[in-house]
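Novice: Take a look at this one; I'll ask things after.
FYI, it's all coordinate maths here, none of it is from the lab. Quick caveat, the model's predicted, so the values are computed rather than measured. Heads up, the Cβs are rebuilt from the backbone with ideal geometry, glycines too, and the neighbour counts pull from every protein chain shown.
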Amino acid sequence: MSKEELGLDKNANDVALESEERRKFFSKSALIGAGVVAAPMTAAMFASTAQAQVKSAANSPVVHPGELDEYYGFWSGGHSGEVRIMGIPSMRELMRIPVFNIDSATGWGLTNESKHIKGESAHILAGDSHHPHMSMTDGSYNGKYVFINDKANSRVARIRCDIMKCDKMLTVPNVQAVHGLRVQKAPYTKYVVCNGEFEIPMNNDGKDGMEDVSTYRSLYNVINAETMEMAFQVMVDGNLDNTDADYDGKYFASTCYNSEMGMNLGEMITSERDHVVIFSLAACEAALKAGKFKTYNGNDVPVLDGRKGSELTRYIPVPKSPHGLNTSPNGEYFVANGKLSPTVSIISIKKLDDLFANKIKPRDTIVAEPELGLGPLHTAFDNKGNAYTTLFLDSQIAKWNVQDAIDAHNGKKVNYIRQKLDVHYQPGHNHTSQGETRDADGKWLIALCKFSKDRFLPVGPLKPENDQLIDISGDEMKLVHDGPAFAEPHDCMMVHRSKMKPLKIWPRNDPFFAPTHAQAKKDGVDVYTQNKVIRDGKKVRVYMTSIAPTYGMNEFKVKLGDEVTVIVTNLDQVEDVTHGFCMTNHGVQMEVGPQATSSITFIANKPGVQWYYCNWFCHALHMEMRGRMLVEA
Ligand code: K7E
Ligand code: CUA
């Protein structure tokens, strides 16, 4: 993004003027009272916030037409299987990134390029995405990748943030249902970590062990972020839920519910305590190096033994079925959210060295267990030492002060609860702007509410969820926007736009379509200059170019029953001129971005004239952008 677009091109004078305007506005709003609707901030005003040095400023969610948002939000699409890009604070949906689903607009799941990326799971057309998290360098977002899990099919995918497309997908072996996912925060994201949730027999081959529940295990999964291959797995006691990392590159932590290893609800919630598992990365890497691992199910992924008593892990008992696990941005604490307990457990990360050295007991790492309300699920943080915890059952966000909670735990008479704000309704995750990085800035909080009930016009029995935007820049949380959302934004993250550098036009040699270009080379076709039909037995490859408003080929001939691959290369170099290719009556549709190559394969199973057309609006003569496939009987 250019300086201009970011509003950074203003000279000092402009900034000073705007600051002056802002001061006037703030004093005025102070007079009217706290509940006023704030005047819109321009992009330049956002950029000049530091210079303006106005502290108790109310944020404004208003982003005027033509103005840009300050943050990119990455939203999980839950059981829609996709990821969405939101503009924050406007809450405008900017883009959808199909990942585990199929998508007829872009051809994701239909094109050869996307099938190649989906690999062995290309035949799976559904997914359940939960936790989108961006790669980091030294505890700050680096704008490179967003990782996302598929609980439904035990997969992890990576989105490349320059093109905003999924570029890698991995099915995690030896586990069922990959749930919590986070990244190593420091020194850089070498590993993506995620939890295997449902416990299964280690060799799950249906031969034996199915009846004996005591043999079931769940694994912690460590993935190499750059290659997107499994690095190793760690076997644990109990099953795992959510996870997060410290800011030193030493420890990961996961919550565990069902330490009982129950197979039904009653059995799963009998214990008063479950636990948080702490993983020592150094100990795991040393065990790996020393060859202290086993393999299962006929694959070669090393599985380390991190069950109770192991040197790789420590188990910290916490009250009942904890769910979210969140690291405070100052790197001091892991917070485990109680779910069935009205408390959260604050674990001191500083004390973990002593815990691993067996100098202290597991419970000695707990520095406070503040009571917040009913159903605490997830916690987010600002840059002023406050935490924000969703209370699912109370339909509230509890704002509380971390140090005060610790002081209260140590006997001091202090009220650590700052405010409780009603949200609508039943929030799962919440997220603060950059709050899972060192750059937590205390500006915005999102509450991802599972139910919207009466908040929107009724749209039938299936209702949207409600993503609520809350201003946390002042002393009080203020709800400023209701955002209906389709299934099911479990989690999100917000990154400042200064960290992002998306491309405007595809690089001609992009790895995304490298396999297609390699095939073209074998066929002796230069996809940028040639339009050509290559017959290879019953396989026909049709190479065509596109420049608005025409394809390089107005017609091509094949025989009934041929396997036809159409490869379109978009020669337009104009930003935003995307073409498409759709073969009518064949379920064939795809996007071809500027300078990109896309390909799709189908059987020519209908004789006669079959029209193809461009399905992405590209030109005044877009309707005329079409041609004929002549299928000889
Ligand atoms: Cu709480 Cu999958 Cu993070 Cu849903 S998870 S809420
Ligand atoms: Cu090309 Cu529409």
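Novice: Which far-off residues, 5 or more places away or on another chain, put their amide H under 5 Å from the one on Gly324, with H placed in the peptide plane?
Specialist: Asn337
Novice: Further question: How many percent of Cα pairs in the chain exceed 42 Å? List each step's numbers first, then the result.
Specialist: On the way: 61893 of 200028 pairs.
The share of Cα pairs beyond 42 Å in the chain comes to 31 percent.
Novice: Using only alpha-carbon positions, what ratio does the radius of gyration of the stretch 103-157 give when scaled by 2.2 N^0.38 Å?
Specialist: Cα-based Rg divided by the globular estimate yields 1.32.
Novice: Over 23 Å apart: what share of the alpha carbon pairs of the stretch 265-404 falls there, rounded to a whole percent? Let's see the in-between values first.
Specialist: Values: 4217 of 9730 pairs.
It works out to 43 percent of all Cα pairs.
Novice: Another one. Which of the GluC sites (Glu not before Pro) across the stretch 171-222 are loop residues per DSSP, with 11 or fewer other Cβ within 10 Å? Could you put the intermediate results ahead of the total?
Specialist: On the way: sites: Glu197, Glu199, Glu211; in loops: Glu199, Glu211.
Counting only loop positions with at most 11 other Cβ atoms within 10 Å, the GluC sites (Glu not before Pro) in the stretch 171-222 are Glu211.
Novice: Any idea how far the Cα center of the stretch 487-555 sits from the one of the stretch 617-633, in Å?
Specialist: 19 Å
Novice: Could you pull out the pairs from Lys190/Lys351; Lys190/Lys361; Lys361/Lys412; Lys190/Lys289 whose alpha carbons sit more than 27 Å apart here? Working shown, then result.
Specialist: On the way: Lys190/Lys351 24 Å; Lys190/Lys361 30 Å; Lys361/Lys412 24 Å; Lys190/Lys289 17 Å.
Flagged as over cut-off: Lys190/Lys361.
Novice: Another question, if that's okay. Which loop-located trypsin sites (Lys or Arg not before Pro) does the stretch 180-217 contain, where loop means any DSSP state but H, G, I, E or B and the Cβ has at most 10 other Cβ atoms within 10 Å?
Specialist: Values: sites: Arg182, Lys185, Lys190, Lys207, Arg217; in loops: Lys185, Lys190, Lys207.
Hits after loop and neighbour filter: Lys207.
Novice: Checking a compactness column here: for the stretch 125-180, what do you get for Rg(Cα) / (2.2 N^0.38 Å), N being the number of residues? Let's see the in-between values first.
Specialist: Numbers: Rg = 11.8 Å, N = 56, 2.2 N^0.38 = 10.2 Å.
Here the Cα radius of gyration is 1.16 times the empirical estimate.
Novice: Please compute the Kirkwood hydrodynamic radius of the stretch 408-458 from all pairs of different C-alpha atoms, in Å with one decimal.
Specialist: Hydrodynamic radius (Kirkwood, Cα pairs) of the stretch 408-458 is 13.8 Å.
Novice: Right, here's the next one. Rank-order 396-402, 265-271 by packing density, defined as the average count of other C-beta atoms within 10 Å over each peptide's residues, highest first. Present the calculation step by step, with values, prior to reporting the outcome.
Specialist: Values: 396-402: 23.1, 265-271: 13.3.
Top to bottom by mean Cβ count within 10 Å: 396-402, 265-271.
Novice: Let me ask something else about it. Once you've got the Cα coordinates, tell me which of Lys384/Lys420; Lys359/Lys399; Lys320/Lys443 are over 22 Å apart.
Specialist: Details: Lys384/Lys420 17 Å; Lys359/Lys399 34 Å; Lys320/Lys443 32 Å.
The answer is Lys359/Lys399; Lys320/Lys443.
Novice: Per q in 0.11, 0.14, 0.16 Å⁻¹, report the Debye log10 I(q)/I(0) for the stretch 433-546, using one uniform scatterer on each alpha carbon and no solvent.
Specialist: -0.68, -0.76, -0.83
Novice: Moving on. Using only the alpha carbons of the stretch 213-263, what is the convex hull's orientation-averaged projected area in square nanometres?
Specialist: Numbers: hull surface 17.4 nm².
The orientation-averaged projected area of the Cα hull of the stretch 213-263 comes to 4.4 nm².
Novice: Relative contact order for the stretch 60-127 using alpha-carbon pairs under 8 Å, separation at least 6, rounded to a whole percent? Let's see the in-between values first.
Specialist: Values: 107 pairs, mean separation 16.3, N = 68.
Dividing the mean separation by the residue count of the stretch 60-127 yields 24 percent.
Novice: Leaving out same-chain residues fewer than 8 places away, which aspartates and glutamates sit with a Cα under 12 Å from that of Lys250?
Specialist: Those aspartates and glutamates meeting the cut-off are Glu285, Asp353.
Novice: With the contact rule set at Cα under 8 Å and sequence spacing of 6 or more, what percent relative contact order holds for the stretch 517-632?
Specialist: Numbers: 284 pairs, mean separation 29.9, N = 116.
Computed value for the stretch 517-632: 26 percent relative contact order.
Novice: Could you pull out every one of the aspartates and glutamates with an alpha carbon less than 12 Å from that of Lys292, ignoring same-chain neighbours closer than 8 positions?
Specialist: Cross-link targets: Asp305, Glu311.
Novice: Given the pairs Lys144/Lys450; Lys115/Lys504; Lys532/Lys557; Lys339/Lys450, which span a C-alpha to C-alpha distance of over 19 angstrom in this model?
Specialist: Working: Lys144/Lys450 30 Å; Lys115/Lys504 24 Å; Lys532/Lys557 11 Å; Lys339/Lys450 15 Å.
Correct reply: Lys144/Lys450; Lys115/Lys504.
Novice: Which trypsin sites (Lys or Arg not before Pro) in the stretch 239-292 pass both tests, a DSSP loop state and at most 16 other beta-carbon atoms within 10 Å? Each step should come with its number before you reach the end.
Specialist: Details: sites: Lys250, Arg273, Lys289, Lys292; in loops: Lys250, Lys292.
Passing both the DSSP loop test and the Cβ count: Lys292.
Novice: Right, something else. In whole Å, largest first, what are the principal axis extents of the Cα atoms in the stretch 517-632?
Specialist: 38, 30, 19
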